[in-house]
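Asks: Sharing a structure here in structure tokens format.
The values are calculated or read from the model by the stated rules, or taken from the named source; none is laboratory data. All values reported here derive from a predicted model rather than from experimental measurement. When we count neighbours, we look across all protein chains shown, and the Cβ atoms used for this are built from the backbone with ideal geometry, even at glycine. For accessibility, only protein heavy atoms count, side chains too; no ligands or nucleic acids. Shrake-Rupley method; radii C 1.70, N 1.55, O 1.52, S 1.80 Å.
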Amino acid sequence: MEGLLATWYARNTLKSLADYRATAQRIAANLPPHAAVLEVAPGPGYLAIELAKLGAYRITGLDISQSFVRIATENAARAGAVVDFRQGEAAALPFAGDSFDLVVCRAAFKNFTDPLGALREMHRVLRPGGRALVIDLRNDASDEAIDDIVDQMNLSAFDSFMTRVIFKHSLRKRAYSREELAQMFAATPFGAGHFDETSLGFEIRLVKRP
Ligand SMILES: C[S@@+](CC[C@H](N)C(=O)[O-])C[C@H]1O[C@@H](n2cnc3c(N)ncnc32)[C@H](O)[C@@H]1O
């Protein structure tokens, strides 16, 4: 996502800031002080920025989109948050092994061209005992579940229509089933993950075994 599309996404998702904040609070509740956190594919950076406000963490965000790296950097400066946003590819993370306590990836895993490569890279950069959290849409999310979430986004009539179309005709088609995700995790050193399910998606917790 680049240019106007990235700007459009950033503007729309800003209206869901409370949701990013709630996710950041749940993450912070289990995070050691001064933890090193990597968000893979942070887009406009709202989750990383909300997390940065909650503790003395060292937070890095890595996104393939130049536009999002610029937008996220501007958003962090505006919020007075310190997050190092960089451009790069999820399947080729430019970080040393064993360097993060937590890797988080929200609403992006289904977009990766090399999802297994991305998982292997998340595992490599985690320190032993470190955790990964993958949050994404499920491929069997119902039209009703999508309509409900879009209704909660507070969007204009046009943006609401476009968001519904994108969810139903693009994102859901790219999304994985629980079985597909479990198979992918099993094919990486993470092994099995712990799944929490909602009507819209999954939250999967993975651990790099010591
Ligand atoms: C729908 S956005 C989600 C952004 C953010 N995580 C959020 O929750 O709002 C998907 C993001 O994945 C990024 N992305 C897609 N493929 C990528 C890849 N191979 N490596 C890194 N980032 C990627 C896009 O640039 C975009 O920022």
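Asks: Tell me, what is the Rg over Rh of the stretch 94-204, with Rh the Kirkwood radius over Cα pairs? Can you show the working numbers first?
Replies: Values: Rg = 15.6 Å, Rh = 15.1 Å.
Value, to two decimals: 1.03.
Asks: Mind jotting down a quarter of the surface of the convex hull over the alpha carbons of the stretch 6-119, in square nanometres, one decimal?
Replies: 6.7
Asks: Could you compute the net charge surrounding GLU2? Neighbours are other residues with a C-beta less than 12 Å from the C-beta of GLU2; K and R count +1, D and E count -1.
Replies: 0
Asks: Can you tell me what percent of all Cα-Cα pairs in the chain are more than 29 Å apart?
Replies: On the way: 4349 of 21945 pairs.
For the chain, the fraction of Cα-Cα distances above 29 Å is 20 percent.
Asks: Here is a follow-up. Per residue of the chain, what 222 nm ellipticity follows from adding -39500 (n - 2.57) for every DSSP H run with n ≥ 4, rounded to the nearest 500? Can you show the working numbers first?
Replies: Values: 8 runs with 84 residues, N = 210.
That calculation yields -12000 deg cm²/dmol at 222 nm.
Asks: Starting from the Cα of ASP196, move 7 Å in the Cα-to-Cβ direction to define the label point; list residues of the stretch 30-53 whose amide nitrogen is under 11 Å from there.
Replies: Residues 30 qualify, since their backbone N sits under 11 Å from the label point.
Asks: Further question on the same structure: Counting heavy atoms of the protein chains only and a 1.4 Å probe, report the per residue accessible area for the stretch 34-164 as a whole number of Å². Don't jump to the answer; show the numbers that get you there.
Replies: Working: 5330 Å² over 131 residues.
Using a 1.4 Å probe on heavy atoms only, each residue of the stretch 34-164 averages 41 Å².
Asks: Just the number, please: carbon plus sulfur as a percent of the accessible area of the chain, 1.4 Å probe, no ligands or DNA/RNA counted. Provide the component values of the computation, followed by the final result.
Replies: On the way: 5600 of 9930 Å².
Result for the chain: 56 percent of the exposed heavy-atom area is carbon or sulfur.
Asks: Here's a follow-up. For Cα pairs less than 8 Å apart in space and 6+ apart in sequence, what is the mean separation divided by the residue count of the chain, i.e. the relative contact order in percent?
Replies: Working: 386 pairs, mean separation 38.0, N = 210.
Relative contact order, the chain: 18 percent.
Asks: What does the charge add up to near GLY61, with Lys and Arg as +1, Asp and Glu as -1, over the other residues with Cβ less than 9 Å from its Cβ? It would help to have the intermediate numbers written out before the result.
Replies: On the way: positive: ARG86; negative: GLU39, ASP63, ASP84.
Local charge sum for GLY61: -2.
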